[in-house]
Structure formats: structure tokens, C-alpha cells
1. Is there a quick way to get the dipole size of the chain? I mean about its Cα centre, with the Cβ of Lys and Arg at +1 and of Asp and Glu at -1; what is the value in debye to the nearest 20?
2. Which loop trypsin sites (Lys or Arg not before Pro) in segment 167-206, with loop taken from DSSP, have no more than 16 other Cβ atoms within 10 angstrom of their Cβ?
3. What whole-number volume per residue, in cubic angstrom, does the convex hull of the C-alpha atoms of segment 120-271 give?
4. Taking K and R as +1 and D and E as -1, what net charge do the other residues with C-beta under 12 Å from the C-beta of Asp199 add up to?
5. When the C-alpha atoms of segment 214-295 are aligned to their principal axes, what extent does each axis show, in angstrom, from largest down?
6. If packing is taken as the average number of other Cβ atoms within 10 Å across a peptide's residues, how do 210-218, 154-162 rank, most packed first?
7. Report the convex hull volume per residue for segment 217-348, counting only C-alpha atoms, in Å³.
8. Roughly what would the spin-label model give for Tyr160 and Gln98, points 7 Å off Cα along C-beta, in nm?
Amino acid sequence: MNAPARMRYFDASLGARKSRSSVFDAPVYLSLLPAETLDGMTSTEQATVLGVVGFGDLPESAGDAPYPVLTLPMSHLDDQKLCEVWQSPWPVSHGENQGIRYACNGEVLFGVLYLRGNEREAVETGTYRAYRRILDLIHVAGYKHLVRMWNYLPRINDEYLGLENYQRFCLGRHQAFAEADYLFDRDLPAASAIGAGTDGLLIYFIAARVPGRQIENPRQVSAYRYPLRYGPRSPSFSRATLMEFGGVRQLYLSGTASIVGHETLHPEDAAGQLVETLINVQTVLDEASHARARLDELGPDCTLKIYLRHRKHFSLAKKTLAETLHPLSPVIFLQGDICRRDLLLEIEGVIRLPCS
Ligand code: 3EB
């Protein structure tokens, strides 16, 4: 792979790391905080932020922040409007390359990319370009292992010349990974692909110096082995990535839906999809933890995001999650379109697993 031209890459954080690290710190951790919290941050606190992801509502001052900020045009469904603050235990360095704004700390790189919509460019071509840029960056910067990718697409369920935008997205992503010689049962990151009210493709991602472990779900056919009827190239993602670093185990859970085998279960039944999805989430958790972690026991270490296609399912989702999760597990509720038309909801998460 050729190094991108005009690469600017500084990693001053490597030095800081040695003096600051503790064996019990993960090099990246997620806090879900009200957006107003960002206004009160000192510059010392800001220096350890890898990135912030907000949903429709970040304060204007976030535009001046030193760290990468992504504001996703999506509506909160809950009164509690939380944003994602990705933090490092020690100061980070910042950079920009081919439209990717990033922060890194010697162990992980957090990046955000917005690829403006272009009428003349097919979705698959734009996606391919975005993924090539990301793969080039992580290769040159030395954070070669993709941990987690979040993808937000305009009009995800619209069809053009027989292919849905989501299927076109899968084509471009597959091509980029295949050209980079990714092994589909070993190297694929966890991911989400959600429809949002954006003009272009919005991506944020985490990459690491060391590889994680790819986790699959025994109740589901691996997405990269889905049969052809779901699209000419299968979705290139794993069900979760398990990271073990800094003496901590973290599970990056992909968008998880009401799919068993490769088929959607309970179409048009949000309650059924919620139950099936939560079984899938617990199953992936079992795979990663050898059945030692339970959703209802995890507490603040379990941060989830749920996307609902229809607002009308919010109160049902809120109630079902309250019955299933530990009361201290924070959840972000968003309106978003799911990649299959018959899916009404999807749940993803970042979970710190208890030490075994
Ligand atoms: C599924 O299991 C539901 O294409 O990156 C979930 C998470 C889904 C990620 C992706 C798609 C993606 O197939 C859809």
C-alpha cells in the first residue's frame, strides 16, 4: 500500500505514556456525558480527549476543541441527551490526513471522516475511497488493527438501479478490505452501519497498535458469509472485537439486530425484535467472557446505544431495556434507519468486562 502524500504525523504522546500509564488503565475508554460537560473542561482535561461524538446537539464551543469532534445529524429520543466522550489516560496528539481528523496516544488512534455526497459518484466508489484513506492512515501511523468502525449513510434503504445504498456501501467496503488482504475471519473490525439525515458518508473509528480478538455469534451466520440475496458483496464486519490492553478487557459490540442464522426474525414486531436482539447481545457477551458476564449485572461498565427506526417504539424500548439491564448502565436512544428494511431496531455497545 502506498503511503498517502503530505502525511503529517506526530506522536508526541509516546513519551508521555511511559510516565503516566497504570496497568489498570485501558488506553481508551468511553464516557457518556451530557453535552454541557464539554463547556466546563479545562485545557488539561481536553488534552486527554481522543474525540467526541454528539448527536444533533453539541454546544457551539465544541467547534473550537483541539480534539476531533463529530456531530451526527440524528435525533435523541430520550430526555437525557448524552454524547460520547472518548478519553485517554494520558495526553494525546492530534493530526489531519486526507480529510480524516484524528487523535492518538501511542496505543490507539481515534479518527473521524466526513465524505461529502457527490451526485456523480456512486455510493460504492465513495465508500471505497473513504476506506482506502482510513486503511492508508492506520498503516502509515502504525495503528494497523481496526477495532471498531461506525458508519452513517444518507438514504440507507433507498434503491438505485436494483441495488440499495447499503448494498453499495458493502461493495466499496469489501473491495477496500480485500485489496488490503484482510482475512475475513480474523481481521474484521466490529461495526455499525446506520441511516442518518446526512448528505454524505460519516465515519468514526478506533484503531490500535495491537490486534484484538474477532468474536462471532454462534446464533448467527457471520455477516461476511451471508448468502448472495442480501447483496453482491457481504457485509465486512465482525460481531464484536475483544481488546485486552492495559490490564483491562473491553468488548466493542457491533450493531446487533433481530437476526438468527441470516434471517430477520419478528418483522413488524418491535417487542419481538427487542427480545431477540437482547438474546444476541447476551450471546456475544457469553462468547467473549466465557459466560461470565451478564447484561443485568454489568452496571456503569456497560454503555449501549440503541437505534430505533420509528419514534413510536421508544417507550417500549426504554421499558424493555430497563427490565433487562443493570440500572446504572447508560443507554443512548437515537432515531436511525437500520440497514435492512424489515429491521426496526439495533443495539451496539462498549463493555468493560470484569477481570477473569
Ligand atoms: C446485521 O447483523 C445487521 O454492515 O457494518 C449490523 C452491524 C448490521 C453492522 C455493517 C450491519 C453492519 O447484519 C446489520
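1. Details: 37 positive and 41 negative charges, 158 e Å.
Dipole about the Cα centre, nearest 20: 760 debye.
2. On the way: sites: Arg168, Arg173, Arg186; in loops: Arg186.
Within segment 167-206, the qualifying trypsin sites (Lys or Arg not before Pro) (loop, at most 16 other Cβ atoms within 10 Å) are Arg186.
3. For segment 120-271, the hull spanned by Cα atoms encloses 132 Å³ per residue.
4. Details: positive: Arg116, Arg155; negative: Glu119.
Overall, the nearby charge balance is +1.
5. Largest first, segment 214-295 extends 42, 30, 16 Å along its Cα principal axes.
6. Numbers: 210-218: 17.2, 154-162: 14.0.
Those peptides, ordered most packed to least, come out 210-218, 154-162.
7. Values: hull volume 14.2 nm³, N = 132.
Considering the Cα atoms of segment 217-348, their hull volume per residue is 107 Å³.
8. Taking the two extended label points, one gets 2.2 nm.
Bear in mind that the values in this text are calculations on the coordinates, not laboratory data. If you're wondering where the values come from, they're calculated on a predicted model, not measured in any experiment. Quick reminder, even Gly has a Cβ in these numbers, built from the backbone with ideal geometry, and neighbours come from all protein chains shown.
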